[in-house]
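Here's the structure, in structure tokens; my notes come after.
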Amino acid sequence: MKIRTVILASVIFLISACSNSKITSSWKGSNATTLAPGNKILVLGIIREKDIRLRMQMEGFMVDALKAKGYNAVSAYTLYGPKMFGNKDEDAVLSQLRNSGIDEVFTITLLDKARERNFQPGTMYPYSPFWGYYNYWYGRMYSPGYISVDTHFFWESNLYDVSSKKLLYSVQSQSTNPSSAGSMGKDYSTAVVKNMTKEGILAKK
């Protein structure tokens, strides 16, 4: 019984430690239509300068995912460098985008990062007759549990049309326990591109 309990607890721990990203909500503008394959999309990470590696990973994997769908995606960091637009005003930035042949801008914003502590009991024996109930609680008193810490990243991404300056699409997502910036970028881009395709923003291949 104790061996089974330890194995089960270990499995739960491994599952909780796996990286995953899920869509929490999305919105599509009434003016939004399916983007034409070949459109040049600038992927722009709005992330603190000290987290530049995270920004590069998030932009890079999103660019790869969009290219796999047939779009001419490009990373803002690669195209413009870490400072991007500097102190330019809106007109100057829009002119820069148009000169670069950008049709749409896809932003990736890290809204928040939170850590959550959870206690996992050492034994699991829920509903049972009296003796099983007694053994469950009595055993639990002497069975050590463990504290797991979950790390959550909350993301928001928006798709803007450069010509009209209108918002075409917005999506909110959550990434939990990423093993690395790279794994989070890959999971995030996969989930978001799937949702964009479902919503008719991206063309189906």
Picking from ILE41, ILE102, the residue that is outside any helix (DSSP H, G or I), in contact (Cβ under 8 Å) with a residue 40 or more places away in the chain and within 19 Å of TYR188 (Cβ to Cβ) would be ILE41
Considering segment 72-95, residues that are among the hydrophobic types (A, V, I, L, M, F, W, C) and assigned to a helix (DSSP H, G or I), and then whichever is nearest to LEU202 (Cα to Cα), we arrive at ALA76
Considering segment 146-171, residues that are surrounded by fewer than 17 Cβ atoms within 10 Å (Cβ to Cβ) and either closer than 17 Å to ILE47 by Cβ or of a type in the set (A, V, I, L, M, F, W, C) (or both), and then whichever is modelled with the lowest pLDDT, we arrive at ILE147
| query | Does LEU66 satisfy being under 19 Å from the mean Cα position of the chain (by Cα) and modelled with pLDDT of 95 or more? | reply | yes
Filter segment 175-205 for residues that are among the polar types (S, T, N, Q), modelled with pLDDT under 95 and crowded, with 17+ Cβ neighbours inside 10 Å; the one that is farthest from LEU97 (Cα to Cα) is ASN177
Apart from one, (1) in contact (Cβ under 8 Å) with a residue 40 or more places away in the chain; (2) within 15 Å of the chain's Cα centre (by Cα) all hold for TYR71; the odd one out is (2)
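The values are calculated or read from the model by the stated rules, or taken from the named source; none is laboratory data. Keep in mind that what you see is a predicted model, and the values were worked out from it rather than measured. Cβ coordinates were reconstructed from backbone atoms using ideal geometry, including for glycine residues, and neighbour counts include every protein chain displayed.
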